Amino acid sequence: MSGAVRTGSDSRPRSGGEDAAPLAPRAKLLPALAAVYRAQLSRAKVARIPLLFVATFQSVGIMIMMRGVVDGGDEARAVVAGSSVLVVAFVALNLLAQYFGQLRAGGGLDHYATLPVPPAAVVLGAAGAYASFTVPGTAVTAVVGSVLFDLPMGHLWVLAAVIPLSGAALAGLGAALGLLAPRQELATLCGQLGMSAALLLGVLPAAHMPAPIAYARDLLPSTYGVEALARSFDASPDWAVVAADLGVCAAVGVVSLAAATWAYRRAAVR
């Protein structure tokens, strides 16, 4: 039949003068975010739990090693706080960079591009799922470190803010690295370098660092989560400074997740 066309939603021929059937409306952000989060959580649950154990074991091992050279005081607080946030960096930065690098290299982004979900829901859902796996490991590391260095645990509830805010900042950075890297191997390398930076700049006491390294430490998003957690070990924490550190984490998290959403859009259309 001349002038007939077919649409993706209706296989019946239509005359050239008729309008094509409208596409289904795009899903709203929050329902789409919840769906992606649940899917990512169930998919990564089996594969990521062993890696979470490795991340926790690594952080506890670092604290045991540092126990031989650090007795207490500010240095002990820095070691425990840095080792705890390192679990977040291992999962939210390193593993998420690898995941999005694999997704881009394997054509997985094409699958998400066909779904009627906002790009922000894909990025935020995956980042939230990966960051969720850091909660038990970070809490265990903080408790073990407090026992090792005889630190008070009365203010460990600060972890309830440190984990999601540091996780958001690092997950956004990890997702952006994985999506912007031209090759999967480079995404893996960037993720591992980022985790190494979190290890060296977060666990080692800042007072022992040369000035240029200390400036680089200020640029690392996880630093402010480390500082907030370290201050909570004081007998009378300065909560205004703790809140300021957490505010920086939140601001960096918004920026990094927005950058990751932009990187997703860029990678999905190429």
Next on the checklist: Out of everything in region 180-199 that is assigned to a loop (DSSP other than H, G, I, E, B) and touching a residue at least 24 places away in the same chain (Cβ under 8 Å), what residue ends up being surrounded by the most Cβ atoms within 10 Å (Cβ to Cβ)?
Outcome noted: A181
Checklist entry - Which of the following residues is touching a Pro at 6+ places or on another chain (Cβ under 8 Å) and at pLDDT 70 or above: V54, V70? => result V70
Item to check | Which numbered condition S236 misses (of (1) open to solvent by less than 60 Å² (accessible area, probe 1.4 Å); (2) outside any helix (DSSP H, G or I)) | outcome: (1)
Next on the checklist: Residues that are at pLDDT below 90, assigned to a helix (DSSP H, G or I) and open to solvent by 70 Å² or more (accessible area, probe 1.4 Å): does region 217-232 have at least one?
Outcome noted: yes
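For G202, indicate whether it is in contact (Cβ under 8 Å) with a residue 12 or more places away in the chain and either closer than 26 Å to G107 by Cβ or surrounded by fewer than 21 Cβ atoms within 10 Å (Cβ to Cβ) (or both).
Working: in contact (Cβ under 8 Å) with a residue 12 or more places away in the chain: yes; either closer than 26 Å to G107 by Cβ or surrounded by fewer than 21 Cβ atoms within 10 Å (Cβ to Cβ) (or both): no.
When the stated conditions are applied, G202 does not pass them.
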Checklist entry - Which residue out of A258, A228 is touching a helix residue (DSSP H, G or I) at 6+ places or on another chain (Cβ under 8 Å) and over 16 Å from A78 (Cβ atoms)? => result A258
Item to check | Selection count where residues are open to solvent by less than 20 Å² (accessible area, probe 1.4 Å) and aromatic (F, W, Y), scope region 116-143 | outcome: 1
Checklist entry - Here are some conditions: (1) at pLDDT below 90; (2) touching a Leu at 6+ places or on another chain (Cβ under 9 Å). A250 meets all but one. Which one does it not meet? => result (1)
Next on the checklist: Can you report the number of residues in region 144-157 which are open to solvent by less than 50 Å² (accessible area, probe 1.4 Å) and at positive phi?
Outcome noted: 0
Next on the checklist: I'd like to check something: does region 158-179 contain any residue that is at pLDDT 85 or above, surrounded by fewer than 18 Cβ atoms within 10 Å (Cβ to Cβ) and either among the charged types (D, E, K, R) or more than 25 Å from Q40 (Cβ to Cβ) (or both)?
Outcome noted: no
Next on the checklist: Conditions first: (1) part of a helix (DSSP H, G or I); (2) open to solvent by 10 Å² or more (accessible area, probe 1.4 Å). V87 passes all but one, so which condition is the exception?
Outcome noted: (2)
Item to check | Index of the failed condition, R217 passing every other in (1) in contact (Cβ under 8 Å) with a residue 24 or more places away in the chain; (2) closer than 22 Å to A97 by Cβ | outcome: (1)
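Being within 30 Å of A267 (Cβ to Cβ), of a type in the set (S, T, Y) and modelled with pLDDT of 90 or more is the filter here, so list the residues in region 76-104 that pass it.
Of everything in region 76-104, nothing turns out to be within 30 Å of A267 (Cβ to Cβ), of a type in the set (S, T, Y) and modelled with pLDDT of 90 or more.
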Item to check | Selection status of G247, under 20 Å from the mean Cα position of the chain (by Cα) and open to solvent by less than 30 Å² (accessible area, probe 1.4 Å) | outcome: no
Checklist entry - Consider V122 against the criteria (1) in contact with a Phe, Trp or Tyr (Cβ under 7 Å, 6 or more places away or on another chain); (2) on the phi > 0 side of the Ramachandran plot: it satisfies all of them except one. Which criterion is unmet? => result (2)
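The values are calculated or read from the model by the stated rules, or taken from the named source; none is laboratory data. These numbers come from a predicted model, not from an experiment. Counting neighbours? That spans all protein chains shown, and the Cβs are built from the backbone with ideal geometry, glycine included. What goes into the accessible areas is simple: the full protein's heavy atoms, side chains included, and nothing from ligands, DNA or RNA. Shrake-Rupley method; radii C 1.70, N 1.55, O 1.52, S 1.80 Å.
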